[in-house]
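K.L.:
Mind looking over this structure? Questions follow.
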């Protein structure tokens with residue numbers, strides 16, 4: 001919702017948690033410094049992206065799974081972009097109180 005990108009501009013320190021839903025169900029934590037990029041050489045590799053987040057990694061370590069519930073992916077989201085697929089616009093982007101802040105889909 002563009003909120004994280006604004007947060008990165010204010011404070012580039014980030015923590016990311018990656019969850020493996022199937023198989024070993026591993027959890028991985030990555031901490032680092034993030035920057036927002038409009039580099040077309042990067043964006044061409046990311047279907048549907050208008051901006052990219054570049055992370056300079058500081059720490060990588062397994063995360064304790066104690067509080068992570070067992071989850072199952074039953075269906076991919078229709079909003080996931082891919083080459084040759086134009087996902088629908090999320091409903092939240094058309095809310096009256098956000099229309100002045102959210103760019104129109106091209």
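The values are calculated or read from the model by the stated rules, or taken from the named source; none is laboratory data. No experiment lies behind these values; they were computed from the predicted model shown. Here Cβ is always computed from backbone atoms with ideal geometry, including for glycine, and neighbour counts include all displayed protein chains.
K.L.:
So which pairs qualify, if the first residue must be in the range 91-106 and modelled with pLDDT of 75 or more, the second must be assigned to a helix (DSSP H, G or I) and surrounded by 10 or more Cβ atoms within 10 Å (Cβ to Cβ), the Cβ gap must be under 8 Å, and the two must be at least 6 apart or on different chains?
P.N.:
Listed pairs, sorted by first residue: 102/93.
K.L.:
Something else: Test each condition in (1) closer than 24 Å to residue 3 by Cβ; (2) surrounded by 10 or more Cβ atoms within 10 Å (Cβ to Cβ) for residue 88 and report the one that comes out false.
P.N.:
The single condition residue 88 does not satisfy is (2).
K.L.:
Next question, about the same structure. Going by the structure shown, is residue 87 outside any strand (DSSP E or B), in contact (Cβ under 8 Å) with a residue 24 or more places away in the chain, under 16 Å from the mean Cα position of the chain (by Cα) and within 24 Å of residue 8 (Cα to Cα)?
P.N.:
No.
K.L.:
With the requirement that a residue be out of contact with any helix residue (DSSP H, G or I) (no Cβ under 9 Å at 6 or more places or on another chain), closer than 20 Å to residue 16 by Cα, assigned to a loop (DSSP other than H, G, I, E, B) and at pLDDT 90 or above, what does the range 39-65 give you?
P.N.:
Residue satisfying the conditions is 46 alone.
K.L.:
Looking for whichever is in contact (Cβ under 8 Å) with a residue 24 or more places away in the chain and in contact with a helix residue (DSSP H, G or I) (Cβ under 6 Å, 6 or more places away or on another chain) here; the options are 68, 73, 36. Which one fits?
P.N.:
36
K.L.:
Are any residues in the range 1-14 surrounded by 12 or more Cβ atoms within 10 Å (Cβ to Cβ) and either at pLDDT 85 or above or touching a helix residue (DSSP H, G or I) at 6+ places or on another chain (Cβ under 7 Å) (or both), and if so, which ones?
P.N.:
Within the range 1-14, 7, 8, 12, 14 qualify.
K.L.:
Which one of these does residue 31 not meet: (1) surrounded by 13 or more Cβ atoms within 10 Å (Cβ to Cβ); (2) outside any strand (DSSP E or B); (3) without any contact (Cβ under 8 Å) to a residue 60 or more places away in the chain?
P.N.:
(2) is the only condition that residue 31 fails.
K.L.:
Among the numbered conditions (1) within 27 Å of residue 85 (Cα to Cα); (2) in a loop (DSSP other than H, G, I, E, B); (3) in contact with a strand residue (DSSP E or B) (Cβ under 8 Å, 6 or more places away or on another chain), tell me where residue 5 comes up short.
P.N.:
It is condition (2) that residue 5 fails.
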